[in-house]
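A.B. asks: Provided herewith is a single structure, encoded as structure tokens, for subsequent inquiry.
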Amino acid sequence: MRFDVLTLFPDFVRQAMGVGVVGRALERGQVELSCWNPRDYTSDNYRTVDDRPYGGGPGMVFMIEPLKRALAAASADGARRPVVLMSPQGRRFDQALARQWATAPGLTLVCGRYEGIDQRFVDRHVDLEVSIGDFVLSGGEVPALAIMDAVTRLLPGVLHTDASAVEDSFMDGLLDCPHYTRPEQAEEGEVPAVLRSGNHAAIARWRRQQSLARTWEKRPDLLAKVELSAADRKLLAEYIAASRPL
Ligand code: 9D3
């Protein structure tokens, strides 16, 4: 998988991508990262990438020309990869989109800064706009990093154990169960007995029930979207009955 990132902060993007699971995938060549700085594609002495908005108002607008030339450099191999603009106006990024993009040959991610980028660049050169949520960030770099992280984890051979990927997909749409490690007894309490029982069927059942229960309690919106098996419905009903005040 090839990632091309158009950004005014290539050092930040490269540095952040060097860490953890994604950093290892880069080292192994499972993903490739190229950053393209629009400032390197300016033609004036000041290396200007922004200008004042037509119609007036606060802030500055990212100019077409530096973005267009950076995009041309990123696309010079002639292969077609989706051009995705990080934008507060975009469709919400989610795991389904991450899964879809994990099957693409690559992605070109455009990071905005300033108030926004010239709409004509968006209309002519961008395939899709995505947001990572309804909160205000300073630019598209953090969203681009989130997307590359989510996609990279899904590539074959990237996660240390295949079990983690299988488990992620098993839990798809549900929240994770609680986790415990040593010590068995802490000031904060003890580890649930079932996890120390050695009864693997009972442990799996408890974890599944905890996932269902947490999703029911904390994210009913997610629960409404997943199709529960008869066994799952029974586990959840059992939890709800047990948690009801008498
Ligand atoms: C204060 C400026 N805002 C006026 C209402 C508009 C605005 C412009 C540019 C708000 C944020 C940004 C920079 N953010 C992004 O480029 C961005 C983003 C985000 O802020 N939140 C969630 N996802 C994304 S994707 C790109």
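A.B. asks: Would you tally the residues in the stretch 10-24 being under 26 Å from residue 112 (Cβ atoms) and touching a residue at least 12 places away in the same chain (Cβ under 8 Å)?
C.D. replies: Qualifying residue count for the region: 7.
A.B. asks: Does residue 179 satisfy the condition of being more than 14 Å from the ligand (Cβ to nearest atom), assigned to a loop (DSSP other than H, G, I, E, B), modelled with pLDDT under 95 and surrounded by fewer than 17 Cβ atoms within 10 Å (Cβ to Cβ)?
C.D. replies: No.
A.B. asks: Going by the conditions given, is residue 152 within 20 Å of residue 29 (Cβ to Cβ) and in contact with a helix residue (DSSP H, G or I) (Cβ under 9 Å, 6 or more places away or on another chain)?
C.D. replies: yes
A.B. asks: Within the stretch 64-80, take every residue that is of a type in the set (Lys, Arg) and over 18 Å from residue 2 (Cβ atoms) and give me the one that is nearest to the ligand (Cβ to nearest atom).
C.D. replies: The qualifying residue nearest to the ligand (Cβ to nearest atom) is 68.
A.B. asks: If I ask for residues that are away from the ligand (no atom under 13 Å from the Cβ), surrounded by 16 or more Cβ atoms within 10 Å (Cβ to Cβ) and not in a helix (DSSP H, G or I), which ones from the stretch 81-139 would you list?
C.D. replies: If the condition is that a residue be away from the ligand (no atom under 13 Å from the Cβ), surrounded by 16 or more Cβ atoms within 10 Å (Cβ to Cβ) and not in a helix (DSSP H, G or I), then 81, 83, 102, 106, 107, 108, 118 are the ones that fit.
A.B. asks: I want to confirm something. Restricting to the stretch 39-53 and keeping residues that are within 34 Å of the chain's Cα centre (by Cα) and in a loop (DSSP other than H, G, I, E, B), which single residue is nearest to the ligand (Cβ to nearest atom)?
C.D. replies: Across the stretch 39-53, the extreme among qualifying residues is 53.
A.B. asks: Report whether or not residue 145 is part of a helix (DSSP H, G or I) and within 16 Å of the ligand (Cβ to nearest atom).
C.D. replies: yes
A.B. asks: Next up: What number of residues in the stretch 29-49 are out of contact with any Pro (no Cβ under 9 Å at 6 or more places or on another chain), over 19 Å from residue 107 (Cα atoms) and of a type outside the set (S, T, N, Q)?
C.D. replies: The total comes to 2.
A.B. asks: Sticking with this structure for a sec: In this structure, does residue 233 turn out to be assigned to a helix (DSSP H, G or I) and either over 30 Å from residue 117 (Cβ atoms) or touching a helix residue (DSSP H, G or I) at 6+ places or on another chain (Cβ under 8 Å) (or both)?
C.D. replies: Yes: the conditions hold for residue 233.
A.B. asks: Another question, if that's okay. What pairs come out if I take residues in the stretch 52-72 that are among the acidic types (Asp, Glu) and pair them with residues that are crowded, with 16+ Cβ neighbours inside 10 Å whose C-beta lies under 8 Å away, six or more apart or interchain?
C.D. replies: Every condition considered, the pairs that remain are 65/41; 65/42.
The values are calculated or read from the model by the stated rules, or taken from the named source; none is laboratory data. Note that the coordinates shown come from a computational prediction; the quantities given were computed from them, not determined experimentally. Neighbour counts run over all protein chains shown; Cβ positions are idealised from the backbone, glycine included.
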